[in-house]
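Shown next, in structure tokens, is the structure this report addresses.
Laboratory data are not the source of any read-out in this text; all were calculated from the coordinates shown. Given the structure is predicted, the values throughout are model-derived calculations rather than measurements. So basically every Cβ, Gly included, is an ideal-geometry build from the backbone, and we count neighbours across all protein chains shown.
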Amino acid sequence: MTTKNPREAEEGMIRFAQYNPPGEVEYVLRSGKIIGDQESPQQMIERVTTTLFSPEEQFGTPPKETQRMTEEFAQYMVDGYLMPGTPTLTNAGRYENALSSCVVIPVDLREQSARGKITHYYRQNMGSGFDFTPYDDPVSLLMWINSLSAEETATEQYDRYIGNMGTLHVSHPHIEQFIRAKSEHVMPHFNISVDVSEAFMEAALAGTPFVLADGTEVDADVLLTTTAENAWLTGDPGIIYMERMNRDNPLANISPYVSTPPCSEMGLSAGETCQFGYLNLARFVRPGGNGEAEMDYAKLADATCLMTRVLDNAVEYSISRYPDPISADVARLKRKIGIGVCGLSDMFLRYNMPYDSDEARVIARDVLSFINYTSKQASVELAQHRGPCEAMHMVFGNTFRDGRYLEEKFGVSPTNTISSKEWEELGAYIRASGNLRNILTTSLPPTGRASLLLSASASVEPFFQVVSTSGEITGTIRSFLEREFDDNKTLVDQVIQEAKATGSFQDIPELSGHTRRCLQTATEISPGEHLKMVAALAGMRGVVDEAASKTINLPEYATVAQVREIYVQSYQLGIKNISVYRDRSKEGQPEKL
């Protein structure tokens, strides 16, 4: 695919924004096999955006309007405002694959056809989830699928790493063996999580027995501590509260969640997939009239509406390309999409706010609730023109049609940007009209490579380290320091050299206490403050539909007791999932992003 020349553009051909990314970004594109060997980044932009807007024709969108939106979305990508998920970047216009990022593979692992079904989904470049609760020997199945993942990887036919999530309910008779699985076996293709019930946590806190599914009584407190010990040792297992995820699942009676993607950012039913796209929050911050930072909500609304449309197009494009009709059926039923974010820590620096401050949590809630509300308005508008998802034709079991999902989920905790009344009015309209194209629209997935492509901090995480993967201070941190020192480049360079030498800004005397606090990395922020941010954004009174992919990064000297306390606090704060990672607890740990 080649860039269109001016004459072609005048005749109505699409003019794509020129895209010449810096070397570090192009390295991510090539090393991650997001672009082909002979493909340029410019050509990637063209094929991806052309594919994402190809469904517009079937909905009767005028060609000139399709052209305008395609060019606008491409420009947003080039300018660093947004990015589709990397499976979409990898697949769109290149393979006859769906554009989904993740799936719970609809397979009975006891059937002979299981291997073929799993590999067909792997070849779609999706992250996969498995619920092992229905099976008698979950650890053996876990090891088998990990071996299958390794065998498939060895074929060198995959552009993305094969990543899986394995979940098991805490009541399973083999729960202890599952908890110890990654401490006793090498399984690089799996994250594992215990599906913990609130009844179990209450038993653990009360020091009372918990009854497993086979009638065996166990000491809940000991089992929770065992979970913490293994997470301290290897980073696995994490904790998932599937019952909490299903409380926020408006179709729980029709299509209950059974597992999650590899990083647990949402619940998924059997066969369910999701398309992800990311907004770089820091890019929407501009200087205000008084010289202080302010959010450009008009541009954020435009980008959110466009992303909602693009992800709905991705659903439509994918329906005929899933390996199993179950996935197509669920996609038509829900048309679930996941608008996520990155650049949160960068945004805080532009506002001169520490990550672990009340002010930061307030502004984060304001921005994310605005995205959530705006995406649902956009979904309503899409439904008016394209028709609602199939679930909206149902009343029984559909919380949007026979309940007050929006009001009870979001209206009870309004923000400075979206009021309770606005949620009430939107919910009332959806119930009366049945117009909602996408049953859910927002989540907080990890943004590893997408955030690198946008030169942004990852997802809703703090800065992992003071330098980027290239060993340099990020542009956001340098700009922050230049503002702090009134563009005194000599002093800025001195501070940066000290930080690069020690790996921290915390002992640099030239910096004020507030500045040092703004520049804390993940392990310099207390676990409790990490948890407060998760609860504020994605807890039971959060501002997004789904959960958040969130790891509590701990220093090497952290204790098992601290890990256990993180689990307890996550339960008490109403969080849906949490994982921990103690520095250097794994050999060959990945580079922090």
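Taking 0.36 nm per intervening residue step and subtracting the Cα-Cα distance, what contour gain separates Thr153 from Ser433 on full extension?
96.0 nm
Give the lysines reachable from Lys489 as a straight Cα distance under 19 Å; neighbours fewer than 8 places away on the same chain don't count.
Filter leaves Lys500.
From zero up to wherever the largest Cα-Cα distance of segment 6-79 sits, split into 5 Å bins and tell me the percent of pairs in each.
3, 15, 23, 23, 17, 10, 7, 2, 0
What do you get for GluC sites (Glu not before Pro) in segment 269-360 restricted to DSSP loop and a cutoff of at most 13 other Cβ within 10 Å of the site's Cβ?
Listed in order of number, the matching sites are Glu292.
Hey, what number do you get for the chain at 222 nm if only DSSP H runs of n ≥ 4 count, each worth -39500 (n - 2.57), divided across all residues, to the nearest 500?
Dividing the helical sum by the residues of the chain leaves -13500 deg cm²/dmol.
Given N residues in segment 111-247, what is its alpha carbon radius of gyration divided by 2.2 N^0.38 Å? Each step should come with its number before you reach the end.
On the way: Rg = 15.9 Å, N = 137, 2.2 N^0.38 = 14.3 Å.
Ratio of Rg to 2.2 N^0.38 Å for segment 111-247: 1.12.
Of the listed peptides 65-75, 487-497, what is their order by residue-averaged count of other C-beta atoms within 10 Å, with the highest listed first?
Top of the packing list down: 65-75, 487-497.
What are the membrane-span-like helices in the chain by this rule: whole DSSP H runs, Cα extent along the axis at least 27 Å, mean Kyte-Doolittle hydropathy at least 0.0? Present the calculation step by step, with values, prior to reporting the outcome.
Details: long enough: 297-319 (33 Å, 0.38); 358-386 (41 Å, -0.36).
Helix filter hits for the chain: 297-319.
Given a Förster distance of 60 angstrom, what is the FRET efficiency for Glu292 paired with Asp136, based on the Cβ-Cβ distance and rounded to 0.05?
That gives a FRET efficiency of 0.50.
Rank-order 83-92, 26-35, 458-467 by packing density, defined as the average count of other C-beta atoms within 10 Å over each peptide's residues, highest first. Write out the running numbers ahead of the final one.
On the way: 83-92: 25.6, 26-35: 17.3, 458-467: 22.4.
For the peptides 83-92, 26-35, 458-467, the packing ranking is 83-92, 458-467, 26-35.
Give me the base-10 log of I(q)/I(0) for segment 474-520 at each q in 0.17, 0.26, 0.27 Å⁻¹, Debye formula, one uniform scatterer per Cα, rounded to two decimals.
-0.40, -1.02, -1.10
Based on the alpha carbon coordinates of segment 473-566, what radius of gyration and maximum Cα-Cα distance (Dmax) apply, in Å?
For segment 473-566, the Cα radius of gyration and maximum Cα-Cα distance read 16.6, 47 Å.
For Lys299, go through the aspartates and glutamates and keep the ones whose alpha-carbon is under 14 Å away, minus same-chain ones fewer than eight residues off.
Glu72, Asp79
Treating only the Cβ of Lys, Arg, Asp and Glu as charged (+1, +1, -1, -1), what charge dipole size does the chain show about its Cα centre? Round to the nearest 20 debye.
940
Among the lysines, which have Cα under 29 Å from the Cα of Lys117 when same-chain residues fewer than 8 positions away are ignored?
Partners found: Lys33, Lys182, Lys334, Lys336.
Just order 158-165, 537-544, 389-396 by mean Cβ neighbour count inside 10 Å, highest at the front, would you?
In descending order of packing, they fall as 537-544, 158-165, 389-396.
So, in Å, what gap is there between the alpha-carbon centers of segment 418-478 and segment 119-138?
Result: 27 Å between the Cα centres.
For Asp312, Asp137, Asp214, what's the fewest-to-most ordering of other Cβ within 10 Å of each Cβ?
Values: Asp312 24, Asp137 13, Asp214 9.
Fewest-to-most Cβ neighbours within 10 Å comes out as Asp214, Asp137, Asp312.
Just the Cα atoms of segment 143-200, one point each, no solvent: what log10 I(q)/I(0) does Debye give at q = 0.12, 0.19, 0.21, 0.24 Å⁻¹?
Rounded to two decimals, the profile gives -0.35, -0.72, -0.82, -0.96.
Only Lys, Arg, Asp and Glu count, each charged at its Cβ (+1, +1, -1, -1), so figure out the dipole size of segment 6-79 about its Cα centre, rounded to 20 debye. Spell out each step's value before the answer.
Details: 7 positive and 14 negative charges, 22 e Å.
Here the size comes out at about 100 debye.
So, counting K/R as plus one and D/E as minus one, what does the shell of residues with Cβ under 11 Å around Val395 add up to?
Once positives and negatives cancel, what remains is +1.
So what are the chain's ellipsoid semi-axes, whole angstrom, largest first, if each one is the square root of 5 times an eigenvalue of the alpha-carbon gyration tensor?
Over the Cα atoms of the chain, the semi-axes work out to 34, 31, 25 Å.
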